[in-house]
1. Name every residue in region 144-180 that is touching a residue at least 40 places away in the same chain (Cβ under 8 Å) and either open to solvent by 50 Å² or more (accessible area, probe 1.4 Å) or assigned to a helix (DSSP H, G or I) (or both), in order of residue number.
2. For region 276-289, state whether one or more residues are touching a residue at least 24 places away in the same chain (Cβ under 8 Å), over 23 Å from Val202 (Cβ atoms) and surrounded by fewer than 20 Cβ atoms within 10 Å (Cβ to Cβ).
3. Out of region 226-268, which residues are out of contact with any strand residue (DSSP E or B) (no Cβ under 7 Å at 6 or more places or on another chain), assigned to a loop (DSSP other than H, G, I, E, B) and surrounded by 20 or more Cβ atoms within 10 Å (Cβ to Cβ)?
4. Which residue is surrounded by the most Cβ atoms within 10 Å (Cβ to Cβ), if the candidates are limited to region 1-13 and must be in contact (Cβ under 8 Å) with a residue 24 or more places away in the chain and either basic (Lys, Arg) or outside any loop (DSSP other than H, G, I, E, B) (or both)?
5. Please find, among Ala64, Ala16, Ala90, the residue that is part of a helix (DSSP H, G or I), of a type in the set (Gly, Ala, Ser) and out of contact with any helix residue (DSSP H, G or I) (no Cβ under 8 Å at 6 or more places or on another chain).
6. Can you go through Asp223, Asp189 and tell me which one is surrounded by fewer than 22 Cβ atoms within 10 Å (Cβ to Cβ) and without any contact (Cβ under 8 Å) to a residue 24 or more places away in the chain?
7. Can you pull out the residues in region 94-119 that are modelled with pLDDT of 95 or more, part of a helix (DSSP H, G or I) and out of contact with any Asp or Glu (no Cβ under 9 Å at 6 or more places or on another chain)?
8. Just name the residue that is surrounded by the most Cβ atoms within 10 Å (Cβ to Cβ) out of those in region 347-376 that are in contact (Cβ under 8 Å) with a residue 12 or more places away in the chain, hydrophobic (A, V, I, L, M, F, W, C) and out of contact with any strand residue (DSSP E or B) (no Cβ under 6 Å at 6 or more places or on another chain).
Amino acid sequence: MKNITLDMTKASCFLAEGAVAAFEPKVKAAQEALENGTCPGNDFLGWLHLPSSITPEFLAEIQACADTLRQNCEVVVVAGIGGSYLGARAVIEALSNSFAWLIQDKKNPTIMFAGNNIGEDYLFEMTEYLKDKKFGVINISKSGTTTETALTFRLLKKQCEAQRGKEEAKKVIVAVTDAKKGAARTCADKEGYKSFIIPDNVGGRFSVLTPVGLLPIACAGFDVKQLVAGAQDMEKACGKDVPFAENLAAQYAAVRNGLYQSGKKIEIMVNYQPKLHFFSEWWKQLYGESEGKDGKGIFPASVDFTTDLHSMGQWIQEGERTIFETVISIEEPEKKLLFPNDEENLDGLNFLAGKRVDEVNKMAELGTRLAHVDGGVPNMRISVPKLNEYYIGQLIYFFEIACGISGNLLEVNPFNQPGVEAYKKNMFALLEKPGYEAESKAIKERLAKEK
């Protein structure tokens, strides 16, 4: 099978001659630091060779659990936040029928995502929707105390037990959590839930190829073997001994860092397929949480074209020239639809009659890239043969390894997220959580002075 490809010609032309090649020794050192475990955050490198370590037996266990949920549930609710849900949602949304929610597919359960916000209306409406449904829950949390997820799981656990009875509920509640410690592990052991382990050395945003992502994806009816196979092949294609000129991840990391050093501070992930919206959301967390620290980092943004050409297109074409784009282009769509002829031709579009809709989309893509390059926006293009499990697996590992290399080039720790804790401390202080008495007093005094 073909691999994804990278065209960086319309980005490297914005850099000085030889600038990309000059990154080769730096990229090599950055990748070797990952391989040798000498980089910051080296206790979170379990993702690096995760694809090649996944066994058929492990995937069979994942599939067996997924089959149990599929056979016993109309709806499976995935409770998790950040990396505990974005990877799974990215893959499921990319592969699902765009109108799956309306069609109510009888072959596959509806997959819902919760535990990623504290919206009271959202949670109320979710519990109302589930009232007459046979539903199960996949609770994904290493600690079991993350506020958004823990609050949601408490609601779902009570409702599932009330609707199905406690014993039957145990069969359709699954925990994906720490091996030994934490509230979610304690609950799973006490209740007798089927559970899977989140490896200690794999951070949330790198966890889509662990049970965190694989179990929900299998529940949705997709082929996790092919997903893993794609990641395995990309692991080989981006290995440390692959020459720079052939290593897509190394080149991508080099070009984006070269652009960053030249003043391009924002990277916009572009897609021309609505199904890829949540893939961009996963990518934004991966790069934003990995690189945005120590006063550094490329800001990751995303747009859905051609939709956003009618909103953000003006800014991208003529706004501040601090941006570059990375386009994910799908070579061949799954379905075929021809543009019809119309006798009256009031819209003047008969010149498109008989053409595939995708041809129109591809010309919009090419035309936009040319216009944006002319407008001073560097463009990289990642070409994907088809939107299926295998190639999404390739994309996942490609972006992960490139992120690790890029973080090392920036000289930050790509695997921690200390800034995420700041809002939590303030929230707990404001809610007067036990143990936060001093912080509660301090924040109340601060707010009183600001009135």
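1. Listed by number, the residues that qualify are Thr147, Glu148, Thr149, Thr152, Phe153, Leu156, Lys171.
2. Scanning region 276-289, I find at least one residue that is touching a residue at least 24 places away in the same chain (Cβ under 8 Å), over 23 Å from Val202 (Cβ atoms) and surrounded by fewer than 20 Cβ atoms within 10 Å (Cβ to Cβ), so the answer is yes.
3. Initially, region 226-268 is screened for residues out of contact with any strand residue (DSSP E or B) (no Cβ under 7 Å at 6 or more places or on another chain), giving 226-247, 249-250, 253-254, 257-258, 260-263.
Right, trim to assigned to a loop (DSSP other than H, G, I, E, B) and you get 238-243, 247, 262-263.
Of everything in region 226-268, those that are out of contact with any strand residue (DSSP E or B) (no Cβ under 7 Å at 6 or more places or on another chain), assigned to a loop (DSSP other than H, G, I, E, B) and surrounded by 20 or more Cβ atoms within 10 Å (Cβ to Cβ) turn out to be Cys238, Asn247.
4. The initial filter retains those residues of region 1-13 that are in contact (Cβ under 8 Å) with a residue 24 or more places away in the chain, namely 1-8, 10-13.
Retained after the next criterion (residues that are either basic (Lys, Arg) or outside any loop (DSSP other than H, G, I, E, B) (or both)): 2, 5-7, 10-12.
On the way: Lys2: 11, Thr5: 13, Leu6: 20, Asp7: 15, Lys10: 19, Ala11: 25, Ser12: 20.
Across region 1-13, the extreme among qualifying residues is Ala11.
5. On the way: Ala16 fails: part of a helix (DSSP H, G or I); Ala90 fails: out of contact with any helix residue (DSSP H, G or I) (no Cβ under 8 Å at 6 or more places or on another chain).
None of the others qualify; the one that does is Ala64.
6. Working: Asp223 fails: without any contact (Cβ under 8 Å) to a residue 24 or more places away in the chain.
Just one listed residue meets the conditions, Asp189.
7. Scanning region 94-119 gives a single hit, Ala94.
8. Out of the qualifying residues, it is Leu352.
The values are calculated or read from the model by the stated rules, or taken from the named source; none is laboratory data. Only a predicted model underlies this, so the values are computations on that prediction, with no experimental measurement involved. In this analysis, Cβ positions are derived from the backbone assuming ideal geometry, glycine residues included, and neighbour counts consider all displayed protein chains. Please note that ligands, DNA and RNA were not included when accessible areas were found on the heavy atoms of the full protein model with its side chains. Shrake-Rupley method; radii C 1.70, N 1.55, O 1.52, S 1.80 Å.
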